[in-house]
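Readers should treat all values here as calculations from the given coordinates under stated rules, not as data from a laboratory. If you're wondering where the values come from, they're calculated on a predicted model, not measured in any experiment. For neighbour counting, all protein chains shown are included, and Cβ atoms are generated from backbone atoms with ideal geometry for every residue, glycine included.
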Amino acid sequence: MEDNQRWYQDTSNWVTIVICIILIPILIINASIIYQANTNKDKIPSVFGYKPFIVLSDSMDNAIRKGDLIFVKNIDPSKLNKKDVIAFRDAEGTVTTHRIIDIVDQDNVTYFVTKGDNNDSQDQNLVEYSDVEGVYQYRIPHVGHLFNQLASPTIIIIIVLGLTIIFGLAFYASTKRQREKEHREFLEYKRQKELAEKVKKKNN
């Protein structure tokens, strides 16, 4: 019975640790992104020079898919080449992630011609250096929707409270056995002391 309790306790502690290792960085990143977005609404939030974006269309399928979380890295636009996948702002200020299919110069200004891999035609507007948000690095499939949910302040508060409760329960469970052991030792000490006093009185 004691071995089963110890196994359950150890497993619970490890599960708690793993959950916290996964969720705490996500919450920190989300909090940083929310803070940056609210303090400077004209600038895309970044984390260590990387900017996360949630893919909302299938225009880059199969390279990037709808619902993916992608990361683009800050880069000097002059170092970009054909076939690079970049994130850029369009005329309406919306961030799009498409591939460079050509680089052209007009009136001494360099522009990128872009196209979604899954689109039949190139993008209508040319991309200027100032429009570039970064070059695509990697993606995490299907977790974009999760990050959308975690970006909600209400969800963050709920998760933080949940983690606090989990930590509290884990700490209580991990110390309960020690407290029970100390209590048994105290009762045994008290019993031995009372027994010793009875023997002493009897001898007197």
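For the reader, a short list of remarks on this structure follows.
- Size of the stretch 44-142: Rg and Dmax of its alpha carbons, in Å, are 12.7, 42.
- Listing Ser57, Ser46, Ser121 from fewest to most neighbouring C-beta atoms within 10 Å gives Ser121, Ser57, Ser46.
- Charge dipole magnitude, Cβ of K and R +1, D and E -1 - the stretch 65-109, Cα centre, debye nearest 20: 340
- Most tightly packed first, judged by the mean number of other beta-carbon atoms within 10 Å of their residues, the peptides 135-143, 109-117, 191-199 read 109-117, 135-143, 191-199.
- Extent along principal axes [Cα atoms of the stretch 61-115; Å; largest to smallest]: 39, 24, 20
- Average Cα contact separation per residue, the stretch 45-148, under 8 Å, 6 or more apart, as relative contact order %: 33
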